[in-house]
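The values are calculated or read from the model by the stated rules, or taken from the named source; none is laboratory data. The shown structure was predicted, so the numbers you read here are calculated from the model rather than taken from an experiment. Every residue, glycine as well, gets a Cβ built from its backbone with ideal geometry; the counts of neighbours run over all protein chains shown. Side chains included, ligands, DNA and RNA excluded: accessible areas come from the protein's heavy atoms. Shrake-Rupley method; radii C 1.70, N 1.55, O 1.52, S 1.80 Å.
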Amino acid sequence: MMVAATIAHALLATPGPQGSFLPFVNEANARGAVATTLGSPQTVGQYGFGVGFADLDRDGDADLVALGTTTALASVFENTDDGQFVNRTATCGITGLTSPGGFAAADLDADGDLDLVISQRGHGTRLYLQAAPMVFIDATERSGLDSAWMGRCVSMADLDGDGWIDCTIANYAGLIIGTEDAYPQTFLNQQGSGRFTEVSAWCGINAPAHNFMVMPADLDRDGDPDLYLSNDRAHIGPIYSTNRLMRNDRGRWTELTATSGAIGSAFFSMGVARADFDGNGLLDVACTNITVTNQPLGAVHPLFMQVAPMSWEEQATARGLVTATNLTGWSIQAFDADHDGDPDLHIVHQAAQDRFFLNEGGQFTDLTTAAALGGGPQVDYGSACADVDGDGAIDLVTNPLGAPLRLFMNMEGRGRPAVRIGVAGEWPNVDAIGALVDVEVDERTTPLEIAAGGVGYLGMNDPRVHVGLGESPSADRVTVTWPWTGTTRTIHALPAGACWIIHPPEQLGDANQDWTVDAVDEAAFSACLDASPMTCPCLVFDFDGDGAITPVDATAFEARASLARCDFDLDGDVDGADLSMMVAGWDTNNPRLDATRDGTVTGADLARLLAEWSP
């Protein structure tokens, strides 16, 4: 079946001329993403199932998770090569689910692999720790993730600045008997122990709500994640809770709902997406709605444009984001489908045609028919985005109820340049969740963020960020700012490509990321020196960030290689500062401080540090 897909790709590899758009192609069957979602109706209050992407096996491509499937309540597909999927459901170990809702994946114990949190409808949130590639163990019992309410979205972020990834669960009050006072819950990660503590009152979100989504997003770009809450039926009652915005200032929370403009409106709010839609450098927010006239915002899916720092106006109609009335929207995704630099929008509708809107300079045009993204007549809830086949273009999955998954492959974007960027983290936030990525192309800077859940509806997009380059062969400048610490790194003239990983300064020169710059790294550096163009594995050697590996980088590499293993702060001496770092990380699995590489920072590592002590 992949032969037909390959032929289609050959015929459709060149993007359409100006004013046209090559249609997406549903290749779910041909690529092995074969599963049928349960037909659970909205009348029972299930409100859909999560679907999404994450690189579960750490091989560089996006694997697929689909909840609520008929053969198993959690289906897991390994992306084995160029977007070909193999069903790993029978061996993945995810059992014990009753009524799954949403999910997100993150490395919660900082052991190098991704773990899963799955919410449920009335049966308790579940924690699955990854014990081997694509194999999970149920760690719910000791986790403290004790919510047995109507669990919806799951999102991950380091909310308190300790580096460990915390978890937030959206809960919809009142659909289950005894949950009339339910509220969204935040759980702080207890140092990667597999245990979490609920602190919803700490961040101010412990108020009853018909809460579908909690989106962590650094909306003020100050280095820590804020929280935006999408609440349904806020204008109807008996629970009156508008969408809410909570600003995080280094662990101190302030509600800005009343002072941030239209973003705190009351309506039928479901899914959420964020992007800079008009190129002013400020993050905008789009939500789904029921497009009826007798509600505060009217018959629109609202588009909240940030017109000044932390101030939003609703501009859907003015910008062409217009649909028919009486539609019920659920998931919404913002991604640059045609690589012109403007994020486009896809909206999933319940028992109606999905819609795709092309963004051209901040104005939207309905291109659903041309893009072939209308879906079908089934009840549709979820969607998620990833570059499934590594061609540089973002693809889309949806999971209509009672029907097979749809995997829409992007034909229009694949013939135009783009960059896809992953970010390596500072331990224990090993995937740099919350890192800010600013991509400058032709004097326009696109603000992006590494995220794990909290966008779309109930699922998760591939955390790597993506920017179309228009007519440019490279990004002029890419700047990464790591969360909380403020560590930055800038790369100039980053060529178009789909595999860049940007490492923090402390990891430069270490190609295999074992925290020792040795002969293996030296051989890799030699292969990269003066290579043109620079390839993806060589970026870790670009010390000066000029987009090439040159003699300047050779000097920096030699200096890095000459440092002792226990010179953790890279200042040329093993001294009290390094000892303090080791003591602070004692009895953890911090690979930077684990000099003996036995998995834990212990006395053996201290002995090595003392042996390397500077005279």
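Let a ≥ b ≥ c be the square roots of the eigenvalues of the Cα gyration tensor of region 34-136; is it rounded (a/c under 1.5), or, if not, prolate (a/b larger than b/c) or oblate? Kindly include the intermediate steps, with their values, before the conclusion.
On the way: a/c = 2.13, a/b = 1.41, b/c = 1.51.
Judged from the Cα gyration tensor, region 34-136 comes out oblate (a/c at least 1.5, b/c at or above a/b).
Quick one: 3J(HN,Hα) in Hz for region 331-336, Karplus 6.51/-1.76/1.60 with θ = phi - 60°, rounded, Gly and Pro as x.
Ordered by residue, 3J(HN,Hα) equals 6, 9, 10, 10, 7, 8 Hz.
So which chymotrypsin sites (Phe, Trp or Tyr not before Pro) in region 259-302 end up in coil per DSSP with only 14 or fewer other C-beta atoms within 10 Å? Display every interim value, and only then the final one.
Numbers: sites: Phe267, Phe268, Phe277; in loops: Phe267, Phe268, Phe277.
In loop regions of region 259-302 (DSSP not H, G, I, E or B), there are no sparsely surrounded chymotrypsin sites (Phe, Trp or Tyr not before Pro).
Taking only Cα atoms of region 535-580, what ratio of Rg to Rh do you get with Rh as the Kirkwood inverse-distance radius? Write down the numbers at each step before the final one.
On the way: Rg = 13.0 Å, Rh = 11.9 Å.
Dividing the radius of gyration by the Kirkwood radius yields 1.09.
Is it possible to state the helix-based mean residue ellipticity at 222 nm for the chain, with each DSSP H run of 4+ residues giving -39500 (n - 2.57), the sum divided by total residues, to the nearest 500 deg cm²/dmol? What is it? The partial results should precede the final answer.
On the way: 6 runs with 54 residues, N = 615.
It comes out at -2500 deg cm²/dmol, rounded to the nearest 500.
Taking N as the number of residues in region 397-475, what is its alpha-carbon radius of gyration divided by 2.2 N^0.38 Å? All intermediate terms of the calculation are to be shown ahead of the outcome.
Working: Rg = 15.4 Å, N = 79, 2.2 N^0.38 = 11.6 Å.
Cα Rg divided by the expected 2.2 N^0.38 Å: 1.33.
With a 1.4 Å probe and all protein chains left in place, how much accessible area per residue does the chain have, in Å²?
On the way: 21130 Å² over 615 residues.
Per residue, the chain has an accessible area of 34 Å².
Would you pull out the residues with amide H under 5 Å of Ser331's amide H, same chain only if 5 or more places away, H placed 1.01 Å from N?
Val348
In whole angstrom, how long is each semi-axis of the equivalent ellipsoid of region 522-613, when you take the square root of 5 times every eigenvalue of its Cα gyration tensor and sort them from largest down?
After diagonalising the Cα gyration tensor, the semi-axes are 31, 14, 10 Å.
Given 37 °C and 0.692 mPa s, how large is the Stokes-Einstein diffusion coefficient of region 62-194 in µm²/s, with Rh as the Kirkwood radius over Cα pairs? Provide the component values of the computation, followed by the final result.
Details: Rh = 15.3 Å.
D = 215 µm²/s.
Rounded, prolate or oblate: which fits region 451-594, taking a ≥ b ≥ c as square roots of the Cα gyration tensor eigenvalues, rounded meaning a/c under 1.5, else prolate when a/b beats b/c?
Working: a/c = 2.24, a/b = 1.22, b/c = 1.84.
It is oblate, given that a/c is not under 1.5 and a/b is not larger than b/c.
Report the convex hull volume per residue for the chain, counting only C-alpha atoms, in Å³.
Numbers: hull volume 87.7 nm³, N = 615.
Normalising the Cα hull of the chain by residue number yields 143 Å³.
Where does helix 551-561 land angle-wise versus the long Cα axis of the chain, in degrees 0 to 90, nearest 10?
Its long axis makes an angle of about 70 degrees.
Round to a whole number: what % of the accessible area of region 430-521 belongs to carbon and sulfur, probe 1.4 Å?
On the way: 1590 of 2920 Å².
In region 430-521, the share of accessible area belonging to carbon and sulfur is 54 percent.
Can you give the extra length, in nm with one decimal, that the chain gains between Val292 and Val552 once fully stretched, where that is 0.36 nm per residue apart less the Cα-Cα distance? Before the final figure, lay out the partial values.
Details: separation 260, 0.36 × 260 = 93.60 nm, distance 6.17 nm.
Additional length available on full extension: 87.4 nm.
Using modelled amide H (1.01 Å from N, peptide plane; none on Pro or chain starts), what sits under 5 Å from the amide H of Asn211, excluding residues fewer than 5 places away?
Under 5 Å from the amide H of Asn211: Asn171, Tyr172, Ala173, Asp232.
What translational diffusion coefficient, to the nearest whole µm²/s, does region 383-535 have by Stokes-Einstein, given a Kirkwood radius computed over alpha-carbon pairs, a temperature of 10 °C and 1.306 mPa s viscosity? If you can, show how the numbers build up before the last one.
Values: Rh = 17.0 Å.
Rounded to a whole number, D works out at 93 µm²/s.
Roll a 1.4 angstrom probe over the protein heavy atoms and tell me the percent of accessible area of region 34-131 that is carbon or sulfur. Could you put the intermediate results ahead of the total?
Details: 1460 of 2950 Å².
Reported share for carbon and sulfur atoms: 49 percent.
Report, in cubic angstrom per residue, the convex hull volume of the C-alpha atoms of region 271-409. Numbers along the way, then the final one.
Values: hull volume 14.0 nm³, N = 139.
In region 271-409, the Cα hull volume divided by residue count equals 101 Å³.
Where the centroid of each part is defined by its Cα atoms, how far is region 467-503 from region 378-399 in Å?
23 Å
For region 114-268, what D do you get in µm² per second when you plug the Kirkwood radius from alpha-carbon pairs into Stokes-Einstein at 20 °C and 1.002 mPa s?
Details: Rh = 15.9 Å.
Translational diffusion coefficient: 135 µm²/s.
Quick one: what do you get for region 206-334 if you divide its Cα Rg by 2.2 N^0.38 Å? Write down the numbers at each step before the final one.
Numbers: Rg = 13.9 Å, N = 129, 2.2 N^0.38 = 13.9 Å.
Relative to the rule-of-thumb radius for its length, region 206-334 sits at 0.99.
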